[in-house]
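Computed from the coordinates by the stated procedures, all read-outs in this text should not be read as laboratory data. Being a predicted model, the structure only gives us computed values, none of them experimental. Heads up, the Cβs are rebuilt from the backbone with ideal geometry, glycines too, and the neighbour counts pull from every protein chain shown.
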Amino acid sequence: MIAQVYPVIRMPQSRAGSGGGVFDYAIPEDLAREPGDVIRVPFRGRTVMGVVKSLQPTSTFGTIKPIDGSTPLFRLSSQEIAYFEQIAQELGISVPTVLYNAFPQAGARGPRPVSESAVQKLSIPTTDVERLSSDVRSVLRASRAFVWCEDIRYAAALIAGVQKTHTGPTLILCPNVRDVRLMSAYLSSHAPTVVTGDETEPRRFANWMQWRNAGGIFIGTRIAALMPHPSLSAIYIIRSGHDNHREPKRVPPFDARIGAERLAELVGAKLIACDAAPTSTQLLPDRTIIGRAPDTDTLVVSQSKERPHAEHVFVSPSASAAIAEALAHGQRVLAVLNRKDATSKIGLGISEAARGLRAAFPTATVAILEKAAASVPRSDILVTTRFYIENVFNPAHPEGFGLVADLDPDALLYSSLAGAIEETMRTCFEWRAVAHANRCPFIVQTTRPELFERMFSDPIGLLKQEADAAGAYRNLVDNVPKT
């Protein structure tokens, strides 16, 4: 009997041939092997892992080497093999290369699997309990859905609620390591298994095998999208609009969200995207939009109307009054710029904005929080960028702000990339979620007030309008006569 095997090695597509990188190996008569077995095989003077694609009675090659006689490390299902083959085809690389990037290399003995030790009490405000209960019921009924989850805490509470009924093996994909650790801490009572890419390969292999053998919850960065489970029942994509779900250095890039889509289709798992706001990709006919953004006191200010009356170039009278009121009540203010340099729409970098706020509010202390900061300054007004959301914000432990003021929400609208309005909406809703966690008002000063008012009052309608416009533009381009 012959085993057709994918060796788990880097292999250029040019060397993989029409078979996609399959090599024939002889199976000794005293051994039994099955498709999907992950075994060890000799390959060009060394021993490597290999995946048995299929069994054949004979080989078209003359002399072939025998497989290793050791016990298979584990077994992939036919759906899992099909998943890796599909990823290879879409990326235009060989199946062995996909497997090499996916499989952590096991050590000789291998370390014991470990779980994250951090524990974070998972609770949400009483005002959100009814909304959460409704969202949990809707997710249990859905197979493909987007859920409005303003932050990781709410997403964790949603998953914990679903797990009470839907208990099968669950994969949670996060865009970065910090989000993995927060999610793991929130779900610590479920004893999740975690991979981040920072651990050693033997440790990652041990954790993956722990999940494959015991089930439960598996939380990871995009590498976890290449570490499936044969009985996977649900996949959650946390902060689904975040760019880090996509590998930027690969051409073409691997996108964990697309991988999750393919995997869910093959194994019949739920696919649930969670974020502060949806994107147009969530408007497909097979998707259900679940829930809504939380109620937050929000004020949209027209800079164009208020500029003639403004005492300060970059702070509208309404924003200035809101900041002054918060300070008068002894509350702190989070002032947000969506660009840290002078490319922002208001024409100021973060340092210039801080100086302007000091001039506008001379009795208040003003500090900057950006990448170089060792800790969060304790000031009356804290000026920051997305660094705060990505590296500091924990909804379970808000900083106690009395106002979140987005001074420059228009900056992202002037991006040359497609989807500028979607990214602006998502970013704005993330800052609004910071205000919600602090139970304080959120103010947006903009030259496009009608756009932001539409974002908050009819976000789905706005996304549909943008998707229709993009589709019409593509049709126009496709129908331009070729010369």
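Shown here for the stretch 32-89: chymotrypsin sites (Phe, Trp or Tyr not before Pro) in loop regions (DSSP other than H, G, I, E, B) with at most 15 other Cβ atoms within 10 Å, namely Phe61. Stokes-Einstein, applied to the Kirkwood radius of the chain over Cα pairs at a viscosity of 1.002 mPa s and 20 °C, places its translational diffusion at 86 µm² s⁻¹.
Within the chain, what's the longest stretch lacking GluC sites (Glu not before Pro) that sit in DSSP loops with no more than 12 other Cβ atoms inside 10 Å?
30-310
Compared with the dominant Cα axis of the chain, that is its longest principal axis, helix 317-328 is turned about 90°. Among Val366, Val139, Val177, the ranking by other beta carbons within 10 Å of each residue's beta carbon, starting with the fewest, stands as Val177, Val366, Val139. Between the helical axis of 256-267 and the longest alpha-carbon principal axis of the chain there is an angle of about 50 degrees.
Would you mind classifying the stretch 2-102 by shape? Square roots of the alpha carbon gyration tensor eigenvalues, ordered a ≥ b ≥ c; an a/c under 1.5 is rounded, otherwise it is prolate if a/b is larger than b/c and oblate if not.
Verdict is prolate for the stretch 2-102.
If you count Lys pairs in the chain whose Cα atoms are under 18 Å apart, skipping same-chain pairs closer than 8 places in sequence, the total is 5.
Given C-alpha coordinates of the stretch 418-466, what is the ratio Rg to Rh with the Kirkwood estimate of Rh? Ratio of gyration radius to Kirkwood radius: 0.98.
Shape class of the stretch 139-268 from the alpha-carbon gyration tensor: rounded, with the ratio a/c of largest to smallest axis under 1.5. Annotation note: trypsin sites (Lys or Arg not before Pro) in the stretch 123-213 located in DSSP loop regions with a Cβ neighbour count of at most 16 within 10 Å are Lys164. Helix 459-478 axis versus longest C-alpha principal axis of the chain: approximately 60°, rounded to the nearest ten.
Taking the Cβ of each residue in Arg239, Arg426 as the centre, tally the other Cβ atoms inside 10 Å and list the residues starting with the fewest.
Arg426, Arg239
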